Every structure is written in C-alpha cells, then in structure tokens.
Amino acid sequence: MLQSIVHVCLAGLSAGMFIWLVASGLTLIFGVLRVLNFAHGSFYMLGAYFCYTFLRFMGENFWLGLLVGPLCVCAAGFAMERFFLRYVYHLALPYQLLLTFAFVLLFDDLVKIFWGAGSIGSPAAPGLSGSISVLGRNFPVYSLFIIGVGPLIAVAMWVFLERTWLGCIIRAASSDREMASAIGVRVPALYTGVFMFGTWLGAIGGGLAVPYVGLLTPGMGETIIIDAFVVAVIGGMGSLKGAFLGALVIGLLSSFGTRFIPTFDMFLTFILMAVILVWRPQGLFGEST
Amino acid sequence: MILQVLQVNTFYGSSHILQDVSFSVNSGEVVSLLGRNGVGKTTTLRSIMGLTPPRSGSILFKNKEIIGKPPYEAAWAGLAYMPDDLRIFPDLTCEENLDIAAKLSRHTGYWNRERVEELFPVLRARRKQKGLNLSGGEKKMLSLGRALMANPELILLDEPSEGLAPLVVGSLIQVIQEIKEKNVTILLADQNLKFCRRVCNRGYIVEKGRIVLEETMEGIWSNEEVIKRYLVL
Amino acid sequence: MKKTKMSRRDFMKAGLLTTAAAALGPVAFKPTGLWAATPNLKGPIKVGYQAVLSGTLAGYGAFHNMGVILATEEINAAGGIAGVKLEVEFRDSTLAAPEAIKNARYFVDSWGADFLGGIDSSGQALALAPVMAELDRVLMVTHAATEKLTEEHVFKKGIKQVFRICTPTYQDSNAAAFVAKDLPVKTWSTISPKYEYGYTCWEMFKNTLTKFRSDVSFIADSWAPFGTTDFRAHINTILDAKPQGFYSTEWAGELISMVKQANQAGFFEKVKHVMFPVGAAMDVLEGCGPELPDNVWISGRYFFLYPDDRRNNDWVARFRKRWDHYPAYVSETAYSTFYAFKKAVEESGSKDTAKVIQALEGMTFESPAGKRVFRKEDHQAMYNVPWGLTVSNPKYPFKVMGKQIVIPAGECFNRPPFEGPGTKPPF
Amino acid sequence: MSLPLLEIQRLNKSFGRVVAAHDIDLIFEPGVLTSIIGPNGAGKSTLINLLSGSIHPDSGSIFFEGQDITRLPIHRRVKMGLCRSFQVVNVFPELTVFDNARIPLLALRKRAHGLFRPVGGEKDVHREVLEVLERVGLPAEAGTTASALSHGDKRLLEVGIALAAGPKLLFLDEPTAGMNPVERSKILENIRSLSREGKTTFVIVEHDMDIVFSLSERVIVLHHGVVIGDGTTEEIRNSPRVREVYLGEEVPS
Amino acid sequence: MVHRYLTYGLYGAMAAVLIGIGLFSGRFMLYMTMKVMILAIFAMGYNLLLGRTGLLSFGHAAFYAAGAYGLGLVSLHLSSHPLLGIFAGLAAAFVMALVIGFFCVRHTEIYFAMLTLAFGMMVFSLIWNLRSITGGDDGLVGIMRAPLDLGFFSIPLRKANHYYFFVLFFFLLSIFLIHRIRQSSFGLILAGIHENDRRIEFAGISLRNYRLAAFVISGVFAGLAGTLGTLLESNTAPFSAHWSYSAQPVLVSLIGGIHTFAGPMVGGLIFIVLREIIERFTHNWMLWFGIILLVIIMGFRGGVVGALSGFAKQKKTASTEI
C-alpha cells in the first residue's frame, strides 16, 4: 500500500509539474498582457516539433535541441504579438480569444504541412532514459527530472521576477501599465518581450514533452491547453504561485482519482474549477479586483 | 524656458477638458497651477506627460516637441511625474519602487537612493515593505522620491500637499526647496494656496479648463477678489 | 496530399450540375433518378472517401490516402473498372459525426459519387448508416470496428448499403480470448480507452475467455479518456493489482505513449503476458521502435507480413516503392475497398446500388490481406488476421510479429442472428 | 411630522488606511435643495456611492423613509426612489435619447419584462418619457443617438435618465462639469424649477461655488470623511474652518 | 420609415429565396441550407447574450446538446412525434440554462467565460459517461423523423424537401421571435445593458436577473438548434456538448458582426459555405480558415455585416425608431 501511495504521488507530481511547465507561460502572459492565449497549446506543440527536428539534425542531441528549438518558437511568438495581438488589446474579449484561436488552426495545419500528419514516436532523453527503483517499483528517471525541473523553473521565474531588474519592471508594468510608462518603461516592447518569454516557456514545455509523452502529433497542444486553462483559473488568473499550486492540485487529483475512484473523470476537475470560480472568481491566489 | 505649453486642447471622450491652455515654465522655477478641483489641473499635467494625449496644440520641452509622444519618451527626455493618486507599484518594495525609476532613467545626477532616503528617512525604514502596505503619507514620499530618482529636469507634482497634516506640509515645503536648490524645475498643481505661496515663484489660475490668470504668488495672495472667485467659496 | 487540378474542374462541373438540377426543378427531387435513367457504366466511377485528416489522429487519414491513391493509380493504369475510369475524392472526416454526414451527402448529392468508403470512428459509422439508406449508395467501412454497425444496422435494421472490409471488434477481443486461453495467466487487467470501443472489447474479451476457462479472473481495469498523454497513473493502478496478464485496446498515439511509459515503469518485467489487439498498426510499431518489448501479443486489421504469399509480398513491395513506407492496416483496407468495388461492378455489370449490393453479398475476392468473403447476412468481410508475438528482426527498424497464431474469422467472429446460443464463439 | 427622507447614522467606510467616511450622521428632509462640497479626497464620491448602493459601509446604517436600506442592492434603492446621476457622462451611448430615458421609466412602471410586446406599444410610458425630456429640455433631440449629442446635452440627458426613474431623492454628481455657460444656466434653471415642483429632493455635489451658493438652501462640507460644516450658505461662507480647509491650513515655518 | 420597409423587403426576399430553394433545389443544397439555418438559429440566440449583454459564453454547446439529447431520448423511448421531441429538448435546455446561468451570471468577462466553460465541460463529461442513457461516445443513433401528426392530418418529414420546410418554419419563427425580443421592452433593457451595464442598475433594473433571462433565452434557442440538428442528422453525439462546439456560435457571430441583427445569420452562411468551398480545394482547410479569420479580425472588426457600416447604421436608426 505504501508503495502504491508513493507511486501515485510521484505520478501525480510529475503530471502536475508537466502541466505547470505549460501553464507557467500562459499565466505569465495573462498576468502581464491580460490576454488568454488559446495558441499557447500550439507553442507547446511547435516547441516539441522544433526540438525534435533539431535533435534529429544535430546528432540526436536532445539537450541541444531543447536549447535551440524553443528559440525558433519565440520567433513565431514575436510575429504573433508584434503584428497581430498588439492591435487587439483594446478590443473586447471575444476578439482577442478569436484571434488566438485562429492561430491554433493555422499552426495545426502548418505542422501537418511541414512535419506530416502522422504521429512521430520520439526518442528518450539521453542519460535520463532509465528508471530507478522506488520502494521496489521502477520510476522513470525522466519523470523525476520533470518533478525537479518544475520547481526549478518556478524558482527561476521567482528569482527572475523578484530579484532582477527586468522582473521588477515586468511586475511594475503588470500592476500599473500607465505609471510604468510614465517612468520610462517602453510598454509595447515589454509586452512583446513578455509574450516571447511566455512563448518560450510553452515551447520548453513542448520540448520536455518529447521524451515525456514519447510522441509528437499535430494537434497535441489542444489537450494540454485545457488543462493549462484549468490550472490557471484555479490558481488565480495571472498568479504564478497559484498556477504552480493549481498544477500540483490537478496533477495529484487526477493521479489519485485515476487510482482510487474507478470512474474518475475530468468531471471532477471541472467541478473543482466551477466551485472555485463561483466561490472565489479571482482564483486561489489571484488578486481580488 | 524649459517647458512651453501652447494652445493645448484635450478631450475625455466628448467632453472638452482643456481649452486652449497655454503657459510656460522657466528653468529653475517652481510654478503652480491653482484652482479648485475639477478645473483641469490634473489633465494638464497628464497631457504634458502624454498620458492623456491632447488633440491639438504644442508642448515644447527644452524646445523639443513632445506632444503625441508616448509617456516613456517624455520620461526619457527628462520629465518626471507624481500623480495625485501616487500610483505606487503595489507589488514592488519601497526600495524597488525607487530603484526602478533610476534604472529606467536616461539621466544621472545628484539624486540617488541614499539622498532620497536622507530626504525621507521613513523610506529607509520601510525599504523592504511592499508598496501595497505603506500608509498614505509614506506613499506620497515614495512617489515623490521615485520621481526624483530619475534625476529629471522638470518634475510634475499633482496635489503634493493634499491630505497631509500641517506639520508634514511644513516639511514638504523644505523638501521642495531642497529639490529646487538642486536645479530641478517644478510644476505643481495644488489647491493649497498657503502652501503654494511658500514654495512657488509664479502661479497660473485654472478655471473650467482655461488659464484665466498668470501672476506671481504674492500677487495672487494679495488679491482677495481672485481668491474669492477662483479658489475658495 | 495536394489535390490535382482535376478536382477543381470537377467542382465547377458539379456546381454547374447543381445549378442545372435546380433549374430543372421537380426532376431534382430525386437525383438518383438522373442516374437511373442513364445506361449503366457510362462516365467515370466515382468514389468518395473520407477519413480523419486533422487533429491528433491525422496520420491515419494520410495512411488511408496512400492506399486510396495506390489503388486508383493501379486500377486506372490497368484500364479502370469495366473499362471505365475511376475517380476519387478524399475528404477530412474530422472524427465528428456531423462532418461525416455532410461529407457523405456532398459526395453523393453534389459530387455524384457512386460509392463511399472510409470512416474511422464507430460513432461516425453508426451515425452514417441511416444516411446511407437514404442516399442509397454503398459505404465500405475501412476502419471503424464497432460490431453494432453490422449486427444492428445491417443485420437487424436491414441497412443493406453498409459493408465493412476491416475486421471488427471480434478480432480485437474474441480472437484475443482464443489466444489468451492458452496462456498461463489466471488474472487479467486492462488499460483501455474510456469510450464504447474500449468498453465493448473488454466485455467481449472477458465473456469469451470465461467460456474457455473458469479459472481466470479480471482483477483491474483503468480507463483512459480520449487524448490521454500521461498513463503513469493508470499504469500504477495495474501494477498495484499485480496481474499476470494485461490486455489493452489503446491504439495509435495513445498506445505508443502508454507502451513507452509502461516500459519506463518496468511494467513489462512485472506483467509477462501482454496483449495489444491494435498493436500491429504500423504507426504503433514505428512509433514505439525498440521500446516495444519482445514477446508481446499484437494484432491488427492487417499486418504486412501476413499472409506470406506472392500477392501480399508484391503488394507490399509496390506500396513501398510508391510511398517509401510500409503499408498500415488502413492502407490495406482502403486499397482493397477499391478492388472489392471493382469486382462487384464488373460482376454485376452495373454500378447501380442494388445490383452492387447483390454482387457484394457473399462475394469472395483476393486482397493483399488474403481471401475476403463478405458475409451475406451482416456484410462483414470474413478474413484472417494473425495474432503474433513481437520480435526484433534486423531487416526492419521496428518490432514485427514472430510467432503467429491465426484464429480463422469463421471461428472467432460472432454469427448471425447474433442473439441466443451458438451465435458467439466458441461454437 | 413625517419621517425624514433619508437618515444616515454613524456611517463609516475606509479603503485600506484611507478613511473615506468617518462617523457621518446626516438627515435629509424632503424639499430642501442641498449641496455637498469639499476639497479633493474629502469623501464626497464615497458618500454618494454609499448612499446609492455602489459600495457598502463598514458600519453604520442608512434609512430611506424610515426603512433600513444599508444592504439593499442598487436597483432596489432606485425602485424605492433613491437615485443618482454621474459626474462623467454615463448614458447609453448608442441608444436614442428617447430610449435612454425610456429604460428607467419602463422599470419604474414595471413594464421592463415584456418579452414579445413591442416596446413602442407602451403608450403611457411613451408619454411620460416625452414629459421627462420636456422637463430637462431635450424634447427636440428625442430621436438623436446619445453619442451624437453635445456635451452639455449629454449632461442634461444624464439628469434626465436619473429623473425618469421617478426619484424622491436624487443625488446629482457635478451636474455642470464640462458645460459651457449657456448650458450651465439652462440646467441650473431646470434644477431650480424641478426642485420647486417638489416631486424630487435634490442633493448636489459640486465644485462650482457660484452654483452652490446660488442654488442651495443647505450646504454640507466634507473634509477627510468628516462633516466639518453643515448649514445655510451664509453660515458656510463665514465659517473660518471651511475657509481654512479650502485655502490650506496655516503652515509652521 | 423607408429603411424599415427596406429591411422588411430584404427579409421578405430572403424568405422567398429560401422557399425557392426548398421547392427547386437538389438534396445537397437543401441539406446545406438547413445546416445554415440551424447554425443561424444557434448563433442568433447566442448573440442575444453576446451581442446584447456582452457576456462571452463557452458553454452554450451544453444547451445545444440538451436540446439534442432531450429530443433524442424522447423520440427513441417515448414518442417519435417531432413536436413532442422538440418540446422536450427545449424544456431540457431551459432547465439546464436556468441552473447553469444561476451560477454564472454573477460574473463577467473572462471569469464568466471560464465558468461557462467549466459547466459546459461537466455536461460533456456527463453525456460521455452516462452510457446507459446517452449511448456514450457513440451517441444516440437512428433518430428518425416521424410524420408531423397534427391530429386531423399529418405531414411527412422523412424526405429532405419536406423536413426543409419544417426547419424553415422554425428558422423564420426564430427570426420573428428574436426580432420581437429585440424590439420589446426586455430587448431595450438588454441593449441598455450592452451599452452601459453600470448605469442600468441605476435605472432600477436588476442586472443579474436580466442577464440570467438573456442567458436562458439564448440557451433555449441553442436547444432549438440542437433539436433541429438532431432531426436533420438523425443522431447526436457527445461532441455536440464540447467546448470547441461552443466556439462555433462565437465564431459565427463575430464573422457576421455581433452588433447587428442580421450578423449571426450572415455569419452562419459564410461559416458553412466558406468551409465547404475551402474543402473543395484543399485538405488544409484549417490553415485557410485561420487566415480568413485573421483577416476578418484585423480588417472587419464589426464583422461582415458591420463592415457595411453606413448601411448598417441607417438600418439601426430605422429599427430602433420610435
């Protein structure tokens, strides 16, 4: 039983941290730009495909692929913000969502055109492909790696936002865009930068998914984006701390649910989301407005 | 002449707030815009900063046109702004609120955190506190300090004396004089005539979106008619 | 997958036709009447084919298309069907039922298709059946496996227009039970898709296996929703139950993910007897690569190394030459669909639906997968697909079937009238 | 003696450390045209928001015609006859002037629920809307889209919407802000005559002292959330405390 | 007044064209026109909420599905009378919209969107999992159109050209009802909510109740679309409750223009015809559809109908004329 519980926990942790990797960028973008980006799932997908391509070109070096791939996706993020999104910030919510939705359609088909419609089985990460025994049952090293990377990224983002100048400026701009501008922040450029950074985070999530899911398919971003939305909403829109805890909650809930409630379903996660929204619309850690 | 405002017209939606506002500020001066609330003082300052872009007119700062420029370009040119609602960044600590302004500024000079904290010792004590948790008076000092940190050539102060106890207003007067000595020009908007009289050289009286009078502070102070008509009841 | 200019011109033609039909007024009430009036086998034979081309399963559509194009090219190069050219239009079915219905109606009523083929999901197939009765065209189902289609719609409701060329759930569950009965396994478990296909197969597997052996029990089941990418929690559930055998109807990308994640968790060392009814799909074998362990039981709707005869081997060679790819099972079923139509049209001398149905019923024909017979009662193609154990083979960059067991379709497929004793295996 | 129209008891409200209303006690009698004044940040807007229901007080009670309305939602207060207008133009911009005034009247006459009855069929409402427009001096603009009105007319409409709700007590928040002198005198004349009609009691928040002193029968001065003056215009004009607040307190050197 | 007659003329012409299509065109044309009409009903109802109160719902597919399953279950198990089925579907949609709306309308903007998304997905997941009732992912199949039995005589609906007029009747009825709603006191209040929801409460109107009413009405129209769609396709599947299906009326409304009455209708037409045309040229329909969407958002903010703004504006003043 102990073995079981521990492994259910581990599986939940890795699932949660994996969602966090994707949700972090989504949350950051929402927090600063106030745009809920449907296309974030597409950046996840593009990240996976670019990483895979680079690792194939560069002698199966996963880490090099992970380094270069997301940077390419950043370029896509730049184009999307600079030439499209920028012009809809002042518009009503439906237009913003529709714009990002159009990019979902676009990216999905582009991936199909460039990489083919079929799924691609992807290789394991070198050095992390094995598994170690935890209480007599194997647990994949790579999942442990994800469990480690999640908090690492959280801490790195925390350090970046709390301890660096750029982070300070981002926090300033996200709470008061106008005053930030009045003390010399070039807000449009900052928005582009933040969007690219969020894109990069999403793409990193995709890159890390290459060995984690073991599979690339066009449209792979669509399942993860709903999870990421749920996490972002539960945690409090725009709150990174909330998204981190939200991801943990969702990961563990689904892991324990799958194991101990035979009929477990996403129904429960959506009930959780609805209850939290009704009770505390700003989410667990969102600022009340 | 460091700032020259010419024939500025500003609208909020359809309401015509500033109507052909013109005035100027000389280098090294402290100039005040006087008038009751709702007459357009804040809008004038916001128009200069580019936060509420005017529809027409001209604003020359150091003989360069800044009308139509985004606020950050005004800031880079050497303007700093203390809004009436202070607008402290709530997520940033006291220290960060100060440093960020210095970091973003394109000017260097006398003011640094040491000196600002010397000016407002309470900010030193609150250094690690988030902006959210400061009291009103502390926020005011922080907002003024933040404006100074950019080492601007011209500071726009909106209602600096508002909500301060008389004793604090007294020290504010000293602070402004100290700032003035460091060759910073100040344009302020205030209702408190007694305060303005102590710190300003000249004043413009604003009424219903227009400049109705330009006069030295002493001139205004001694003109009971003007005071009655535009400033008090 | 770019379409030729041909289809664009056809589109305009079709548009003109529709306009003309509209102008003709009452005549257009029954477009079938237009065809009925014309002598048989005039003009091209048109086949409308649809499969999923978007979303995570888009690869299956691409595999369908390879078979479709190869068959079309070969048939037309050889003079067409009864001397008439074969024309195909391929559409994205998106896995949604309304889309499948729209496509079918477009094919028949706008484009003028004589036959329809394709369909991946059971829901789409079931939704289309009544529509086919209305449209009165033969639909050859090439991938959807639900037994309800043939048992209920064709057999009970008498929708004669629907045929199925691929193996149904019988192969995935009944045949699996035939294999499982001889394994030293007393406790079985499953991770299967959380939808009808998964539920049905597991039920059928349990029922059939229980008839063979009274000493087996089914101790754990975990259901993965459509689109699951993380199976670690499900794998834990199974490992906790410590079963001897594992049966999973996960398929396509989800099976690949599951195998890889199970492998990492050391699953295959703990559970020695594993059965993947759709594991012999090319995308799965290639996607898993060396991570698919040896000695796992796999099957499919067709496997390119069976039957090991000239017809099949030649076809695989031709297919590889054309596409630089091994044929997936949907490529084979798609390909054979056209030869089934060809034979039926040539035998009946007509493309008239009623006559073609008559020809297809009970028809025997040779295909890469071997001899197929369309059972008269339920229009299910009877042919054999092996179950086999995975093995590495230096000739292939993926695992293939080593030891193979063939359970003849006649022995493991449910039999009409599908209810009552003696209709379900073992007979 | 009937109950006072509105009675406020020990009303408190603070935002964080800022006290916007501190133990305010006030009574408004019917028919007395009152002005509320005070320098920036005095708590005038907060007071109006508290009374009209946009925000709820931390403590204290509000009674309207003897009934406790402290926690009542906005629309219920409006139905009871407590209404307000806004400092910034806050009309329904893309609707016609007529429809702008029609909305509150439909609610007042309980005709707002009709799902399929054409709104044009409500003849008596129709007539009353015209009356309201007449009263605020906009009858000629009935068919104009509100956004196309001049600023002054928008302000008139603003008051018109508030009047159309049939209030017994109406708070006007800077009714003349941004108006030119002609428009200003027009609206003041309106307010004066409407007040004389006696159907509605007006309470005006205003900066323009000309208006305050020419119009009001009673003036209330707020400063830092505290009532520092309450009396006739003469009393207020001569109050040293009020003058001090407006000119700034004596500053020690 | 001239514009009003012009508008009536346009609608008259549309009705004539639709009747013409019903009488003279082929089966596919009939089918596609029915699809357009059903989607237009869905979108017009939806736009009462989005266009009139500014609330963006991502859960309206749930009401579509409620209509669809309500009709499906009644016609499979109780009576195949189409009107009974439609009534059951509408009732199901009404109840569901009332319950979900009760929780949702207290929020706005992104919170409202996310809350409706959550409720919609709960319904989706219920339909998916209550296999014994809903048929799981296979859905309800074989829902055949029984004749419309009116007691004294009965009208067959089996054939497309018969059913077409049944759909057309409900389409025109919906246009009429929605037009009446927009012209009614209630409609004026909704317009007020859209223009200025802060002010509406100061007019003595309970914002929440009116939002809820708009939510329920739009939900009922979604349910109507669901029942008609189910009869058209003869089946219904859980994906009709999926959030991506909820995106459809949003897309359609935005394409056509959310601030106009005709917008959703035109949007529905464009949505279906465009998709069909693109599919005839390329398998990469998502790419082209995405590009066209981008063009519409970046270039035609008010939607296609709104883009004819001068005309639309004249029409607007005409339609809200006193």
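Couple of notes before you dig in:
- Principal-axis tilt of helix C:122-135 within chain C, Cα atoms, nearest 10 degrees: 20 degrees
- Working note: Debye formula, equal point scatterers on the alpha-carbon atoms of chain E, no solvent; log10 I(q)/I(0) at q = 0.07, 0.14, 0.15 Å⁻¹ is -0.27, -1.15, -1.31.
- The label point for A:VAL159 and the one for E:ASP149, both projected 7 Å from the Cα toward the Cβ, are 7.7 nm apart.
- Across the alpha-carbon set of region A:170-215, the Rg to Rh ratio works out to 1.27, Rh being the Kirkwood radius.
- Where chain A is the region considered: accessible area per residue in Å², 1.4 Å probe: 33 Å²
- Each residue of region A:156-164 was assigned a 3J(HN,Hα) from its phi angle through the Karplus expression (A = 6.51, B = -1.76, C = 1.60, θ = phi - 60°), giving 4, 5, 5, 4, 4, 6, 9, 10, 10 Hz with x at Gly and Pro.
- All Cα pairs of region A:199-289, percent lying beyond 14 Å: 69 percent
- Alpha carbon centroid spacing (whole Å) that separates region E:77-91 from region B:135-196: 74 Å
- Surface calculation, 1.4 Å probe, protein heavy atoms: E:SER79 sits at approximately 40 Å² accessible.
- Top positive-direction residue, dipole computed over region E:28-243 with Cβ charges, set E:HIS179, E:ASN161, E:GLY120: E:HIS179
- The protein assembly as shown - charge dipole about Cα centre, Lys and Arg +1 at Cβ, Asp and Glu -1, debye rounded to 20: 2340 debye
- The alpha-carbon atoms of region D:6-250 define a convex hull whose volume equals 132 cubic angstrom per residue.
- A Cβ-based charge dipole, computed about the Cα centre of region D:6-250 with Lys and Arg at +1 and Asp and Glu at -1, lands at about 900 debye.
- From most to least packed by mean Cβ count within 10 Å, the peptides C:248-257, C:326-335, E:276-285 give C:326-335, C:248-257, E:276-285.
- Within the straight-line cut-off of under 30 Å between alpha carbons, the lysines reachable from D:LYS123 are D:LYS79, D:LYS110, D:LYS154, D:LYS168, D:LYS186, D:LYS199, E:LYS313, E:LYS315, E:LYS316, sequence neighbours fewer than 8 places apart in one chain being disregarded.
- Counting only lysines at least 8 places from C:LYS157 when in the same chain, those with an alpha carbon closer than 18 Å to its own are C:LYS148, C:LYS376.
- Region B:131-146 residues near the modelled D:VAL226 label - backbone nitrogen below 18 Å, point 7 Å along Cα→Cβ: B:136-137
- Shape of chain C, Cα gyration tensor, a/c cut at 1.5: prolate
- Sequence of E:HIS259, E:HIS77 from largest to smallest accessible area, 1.4 Å probe: E:HIS77, E:HIS259
- Radius 9 Å from Cβ of D:VAL97, net charge of other residues (Lys, Arg +1; Asp, Glu -1): -3
- Percent accessible area from carbon and sulfur atoms, region D:59-206, protein chains only, probe 1.4 Å: 54 percent
- Over chain C: helical MRE at 222 nm, DSSP H runs n ≥ 4 each giving -39500 (n - 2.57), nearest 500: -13000 deg cm²/dmol
- Model label points for B:TYR110 and D:ARG192, set 7 angstrom from Cα along the Cα-to-Cβ axis, are 5.4 nm apart.
- Each part reduced to its alpha carbon centroid, region C:201-215 and region E:105-173 end up 38 Å apart.
- A 1.4 Å probe over all protein chains sorts A:HIS90, D:HIS22, C:HIS64, D:HIS56 by accessible area into A:HIS90, D:HIS22, D:HIS56, C:HIS64, starting with the largest.
- 24 Å Cα-Cα threshold exceeded, pairs from B:LYS140/D:LYS13; A:LYS241/C:LYS260; B:LYS64/B:LYS139; C:LYS194/C:LYS399; C:LYS156/C:LYS343; B:LYS103/B:LYS139: A:LYS241/C:LYS260; B:LYS64/B:LYS139; C:LYS194/C:LYS399; C:LYS156/C:LYS343
- Near D:HIS223, the amide H atoms lying under 5 Å from its own belong to D:ILE228; only residues 5 or more places off or on other chains count, and H is placed 1.01 Å from N.
- Tilt relative to chain C, helix C:232-241 - C-alpha long axis, 0 to 90 degrees, to 10: 50 degrees
- Taking GluC sites (Glu not before Pro) across region D:192-244, the ones in a DSSP loop with at most 15 further Cβ atoms lying within 10 angstrom of their Cβ are D:GLU217.
- Among E:VAL95, E:VAL220, E:VAL36, residue whose mean-square fluctuation peaks in a GNM of chain E (springs only between Cα atoms under 10 Å): E:VAL95
- Where trypsin sites (Lys or Arg not before Pro) fall in DSSP loop in region B:56-107, at most 12 other Cβ within 10 Å: B:ARG106
- Under the span-like rule (Cα at least 24 Å along the axis, Kyte-Doolittle mean at least 0.0), DSSP H helices of chain E: E:2-24, E:27-53, E:60-77, E:82-104, E:109-129, E:160-183, E:207-233, E:263-281
- Taking max minus min of the alpha-carbon positions on each principal axis, region A:2-279 gives extents of 61, 49, 35 Å, largest first.
- Close amide-amide hydrogen proximity is noted between E:ILE155 and E:LEU148, E:ASP149, E:LEU150, each under 5 Å apart and 5 or more residues distant or on a separate chain (H modeled in the peptide plane; Pro and chain starts excluded).
- Spatially proximal aspartates and glutamates relative to C:LYS355 (Cα-Cα < 13 Å; intrachain offsets below 8 disregarded): C:ASP114, C:ASP136, C:GLU346, C:GLU347
- Centre separation in Å (Cα based) which lies between region A:133-211 and region A:11-83: 11 Å
- Computed over region A:132-289, the alpha-carbon pair-distance distribution with 10 angstrom bins reads 9, 29, 36, 19, 6, 1, 0, each value a whole percent.
- Cα gyration tensor, region C:139-183 - rounded (a/c under 1.5), prolate or oblate: prolate
- Over all directions, the projected convex hull of the C-alpha atoms in the protein assembly as shown averages 59.8 nm² in area.
- Per-residue HN-Hα couplings for region A:34-41 [Karplus 6.51, -1.76, 1.60; θ = phi - 60°; Hz; x = Gly/Pro]: 6, 10, 8, 9, 4, 6, 4, x
- Among A:THR223, A:THR53, A:THR199: highest mean-square fluctuation, GNM of chain A, C-alpha pairs under 10 Å: A:THR223
- Choice from E:GLY226, E:GLY142, E:GLY151 with maximal GNM fluctuation in chain E (Cα, 10 Å cutoff): E:GLY151
- A helix-only calculation puts chain A at -25000 deg cm²/dmol for mean residue ellipticity at 222 nm, using -39500 (n - 2.57) for each DSSP H run of at least four residues, averaged over all residues.
- Potential extension, C:GLN404-C:ASN313 segment - 0.36 nm per residue separation minus Cα distance: 31.1 nm
- Here region B:68-99 is scanned for amide nitrogen atoms under 20 Å from the site 7 Å beyond the Cα of B:ASN133 along Cα-to-Cβ, giving B:87-99.
- Less than 5 angstrom separates the built amide H of D:LEU6 from those of D:PHE28, D:GLU65, all sequence-distant by 5 or more or on a different chain.
- Rough spin-label spacing in nm, given labels placed 7 Å along Cα→Cβ, for D:VAL182 and C:ASN207: 9.0 nm
The values are calculated or read from the model by the stated rules, or taken from the named source; none is laboratory data. Here the structure is a predicted model, which is why all the values come from computation and not from measurement. Note that we place each Cβ from the backbone using ideal geometry, even for glycine, and neighbour counts take in every protein chain shown. Heads up: the accessible areas ignore ligands, DNA and RNA and are worked out on the full protein's heavy atoms, side chains in. Shrake-Rupley method; radii C 1.70, N 1.55, O 1.52, S 1.80 Å.
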